[in-house]
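**Student:** Sharing a structure with you now.
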Amino acid sequence: MPKRIANIAINTPVYSLFDYQIPSNMDVRLGNRVNVKFRNRDIVGVVFDIKEESLVSDGKLKEISSLVDNTPTFSTEYLSLISWVSSYYHHPIGQTLQAALPKYISDGKTIYQEDNVPEYHIKQNKIFDYSSDQENAIDKISDNLEKFNCFVLDGITGSGKTEVYKNICEKVLRKNRQVAILSPEINLIPQLVDDFIKISEVSQYHSGLTEKEKFMNWCSIYKGYKKIIIGTRSSIFTPFNNLGLIIIDEEHDVSFKQQEGLKYNARDVATYIAKSMNIPIILGSATPSLESINNIRKKNFIHIRMKNRVSKSTLPDLKIINMDNKKNKTISEEILLEIKNRLDKNEQSLLFLNRRGYSPVIICKNCSWIPRSKDNKLPMTYHKSKNLLICHHSAKCIPFKNICPSCGNKEFINIGEGTEKVEEIISNNFSNARIIRIDSDTTRKKGELEKIFKKARNNDYDILIGTQMLSKGHNFPNVTLVAILNIDQRLFSPNIKAIEQLAQQLIQVSGRAGRYNKKGTVFLQTSLPDNDNLKKLIKDGYENWAKDLLAYRKSLELPPHKNFSLFKAKSRDRMYANKFLENIKETLIKSKNIEIFGPIPSTFPKKNNLYNMHLVVQSNSKKDLNYALRDCINRIKNITYLSKVRWSIDIDPIDYD
């Protein structure tokens, strides 16, 4: 009788599967979780393939210890998905699987079974009066529910994209199929749950849940008990049971890209899943990503425009305030006057500044000493409310003693501003107003952000001050004034996505104003009112601006017209990080149709006491790029000083941090 060998994925930084012999009395199949011995430890692995031969000699070939489940946990389709993700993002397959699963499943916990499963039903909803834009979108998508199509639902803020989602979702549910809805951030999920629970029961999956909650919800999705799944990027890896539709809300958002470990983009993984399952996917946004616009141009995606607000309200007026000669560089007198006018009318104002803390830099008035992080030498942000100096890159913090360690002086100058400083200025000017600051410092408690947003919608606050948390997807009916306070630094950021993100953020946060029958106004403070990007965006709108940016990127051979990847190296010794990437470069330079730049320092050359170096690898051909990277990875194990370097690959990077 021939031997049966199982190829098993194990959570270790090795790119290959591991061979284990299947005992003759054990019924092992593809997708089984199994207990095995690995480096003298008992661990859980997953069977990806079964064959009759192994390159491992009989004396060294270990046997599978036992089965975790009698029947396979994972379908062959799920194994194919993990294999594709591992291959595309050049990440070890065992670690890819580990990143995709809740801890309890990885550890071998038995899949939860409900004894009394409530009967699934679709709730009766009132008939909705759709706009012509909504009806057009619903008709186009409804006619194509039985096959793969990628629809870009390009709808301005307030155009009613959610009602389109709900209508299509209900049609899919009536076919007894699941619907997956992905949101870029946890704080947007409560509103989505409130919207979709009106149709049917909802299961959530995101990092805000406890490990037990994630396990229970994963099992409920796996068994098909719940038909609507709402989550953040990690929810794309839940094992759907008869999936019929994927919706990516705010598809342009860079939060869909994981930045550590397995550096996947959930939007792109979702598109792969939809294509492999032959089901539709909807990418919704008021500001579609350049990748999606390029795919529309190439006729890979179907473009559906929704250019009118459902409430018949007009888009807010956008006015620029030149701060170049202003005495108060944080908030202009014009905006303070507008806030007063809104208070008199019992309307709300929203002030947006994408920087928390009080001041990003403080400097000794006497000797110009600046507190810097020991980890990366970057200036530490002053948080006045807690009297702390915090590094926003390493999260390290120290008490601020209000005395210069260099000269003993006690006077400091605050350079720049954060949300704390804005809150202080507004409080001093409007002492009777109800003010709330919304950033990650004020919303750490579980459920706190949801409470604040509910109060804001109920008009319990007069003035909202916050970071990007305020810019996405929220509906504040009584906000008629939006002030965007400081964007100038981001106009010249080296990050490849910076200008695109800035434009999207300006449009998104502007869309919070005047969403119902009250006219809205948006003020943009800048010392660069003649900046070409700003003028084009304001004059011609996002769509025309984005087309020009695409053309400009093409002339420079930048993404999405070129396929980019980053080889990243970190080391306590800069020499080893640089030497490692030079070795990689020597290997890659032999590949065909590949361009290489570097090694170059990261945007943050030192972080957490590690020097960060990058090697940019690009190609016109995704196939050639992947082949070159895969060949290079196979040779890395031969580098003698490998233990002194941490390395990774970032496919389709969004920045150079």
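The values are calculated or read from the model by the stated rules, or taken from the named source; none is laboratory data. Just so we're clear, the structure is a prediction, and the values are computed from it rather than from any experiment. Note: ideal-geometry Cβ built from the backbone for every residue, glycine included; neighbour counts use all protein chains shown. Please note that ligands, DNA and RNA were not included when accessible areas were found on the heavy atoms of the full protein model with its side chains. Shrake-Rupley method; radii C 1.70, N 1.55, O 1.52, S 1.80 Å.
**Student:** Could you give the dipole magnitude of the chain about its Cα centre, charging the beta-carbon of Lys and Arg +1 and that of Asp and Glu -1, in debye to the nearest 20?
**Tutor:** Dipole of the chain, to the nearest 20 debye: 1140 debye.
**Student:** Relative to the Cα centre, what is the charge dipole magnitude of the range 111-260, using +1 at the beta carbon of each Lys and Arg, -1 at the beta carbon of each Asp and Glu, and rounding to the nearest 20 debye?
**Tutor:** 480 debye
**Student:** Now a separate question. Express in nm, to one decimal, how much length is gained between Lys326 and Glu411 on full extension, taking 0.36 nm for each residue of separation and deducting their alpha carbon distance.
**Tutor:** Here the segment from Lys326 to Glu411 would lengthen by 28.2 nm.
**Student:** Still on this structure, please answer the following. Longer than 24 Å from Cα to Cα, which of Lys365/Lys607; Lys326/Lys386; Lys326/Lys535; Lys329/Lys535; Lys103/Lys446; Lys140/Lys539 are they? Say none if no pair is.
**Tutor:** Distance filter (> 24 Å) returns Lys365/Lys607; Lys326/Lys386; Lys140/Lys539.
**Student:** Could you give the dipole magnitude of the range 294-364 about its Cα centre, charging the beta-carbon of Lys and Arg +1 and that of Asp and Glu -1, in debye to the nearest 20?
**Tutor:** It works out to roughly 620 debye.
**Student:** Could you tell me the distance between the Cα centroids of the range 147-161 and the range 80-143, to the nearest Å?
**Tutor:** Centre-to-centre (Cα) distance: 19 Å.
**Student:** Where does each of 169-181, 401-413, 620-632 land if you order them by average Cβ count within 10 Å, highest first?
**Tutor:** Per-residue Cβ counts within 10 Å, averaged per peptide and sorted highest first, yield 169-181, 620-632, 401-413.
**Student:** Can you give the helix-only mean residue ellipticity at 222 nm for the chain, where every DSSP H stretch with n ≥ 4 adds -39500 (n - 2.57) and the sum goes over all residues, rounded to the nearest 500 deg cm²/dmol?
**Tutor:** Roughly -9000 deg cm²/dmol at 222 nm, from the helical runs in the chain.
**Student:** Turning to a different aspect of this structure: Cα centroids of the range 27-78 and the range 223-254: how far apart, whole angstrom?
**Tutor:** Between the Cα centre of the range 27-78 and that of the range 223-254, the gap is 29 Å.
**Student:** Can you give the accessible area of Asp532 in Å² (nearest 10), computed on protein heavy atoms with a 1.4 Å probe?
**Tutor:** My reading of the accessible area for Asp532 is about 120 Å².
**Student:** Need the C-alpha centroid separation for the range 587-612 versus the range 414-485, integer Å.
**Tutor:** 40 Å
**Student:** What ranking, highest mean first, results for peptides 4-13, 390-399 when packing means the other Cβ atoms within 10 Å averaged over each residue?
**Tutor:** Highest-to-lowest ranking by the protection proxy: 4-13, 390-399.
**Student:** Another question, then. If you add up the charges near Asp324, with Lys and Arg at +1 and Asp and Glu at -1, over every other residue whose beta carbon is less than 15 angstrom from its beta carbon, what do you get?
**Tutor:** The answer is -1.
**Student:** Further question on the same structure: Putting +1 on Lys and Arg Cβ atoms and -1 on Asp and Glu Cβ atoms, find which of Phe567, Asn35, Ile390 reaches farthest to the positive end of the dipole of the chain.
**Tutor:** Of the options given, the answer is Ile390.
**Student:** Where does each of Trp545, Trp647 land when they are ordered by accessible area, with a 1.4 Å probe and the largest first?
**Tutor:** Greatest to least solvent exposure: Trp647, Trp545.
**Student:** For the ranges 264-271, 68-75, 57-64, what's the packing order if you count other beta-carbon atoms within 10 Å of each residue, average per peptide, and put the highest first?
**Tutor:** Packing proxy ranking, top to bottom: 264-271, 68-75, 57-64.
**Student:** Excluding residues on the same chain fewer than 8 positions from Lys396, give the aspartates and glutamates whose Cα lies under 17 Å from its Cα.
**Tutor:** Asp375, Asp441
**Student:** Continuing with this model, one more query. Straight-line reach from Lys401: which aspartates and glutamates fall under 14 Å, measuring Cα to Cα and dropping same-chain residues less than 8 apart?
**Tutor:** Correct list for Lys401: Glu411.
**Student:** Just want the answer: with Cβ charges of +1 for Lys and Arg and -1 for Asp and Glu, which residue in Ile189, Trp84, Leu610 is farthest toward the dipole's positive end in the chain?
**Tutor:** Towards the positive end, the residue furthest out is Leu610.
**Student:** Mind scanning Lys298/Lys623; Lys554/Lys623; Lys212/Lys275; Lys497/Lys570; Lys62/Lys212; Lys226/Lys298 and naming the pairs with a C-alpha gap bigger than 25 Å?
**Tutor:** Going by Cα-Cα distance, Lys212/Lys275; Lys62/Lys212; Lys226/Lys298 fall outside the 25 Å limit.
**Student:** Kirkwood-based Rg over Rh for the range 331-408 (C-alpha set), two decimals?
**Tutor:** Looking at the range 331-408, the ratio lands at 1.15.
**Student:** Oh, and also: For each cysteine in the chain, check whether another cysteine's C-beta sits under 4.7 Å from its C-beta; list those where none does.
**Tutor:** Cys with no partner Cβ under 4.7 Å: Cys150, Cys169, Cys219, Cys391, Cys397, Cys632.
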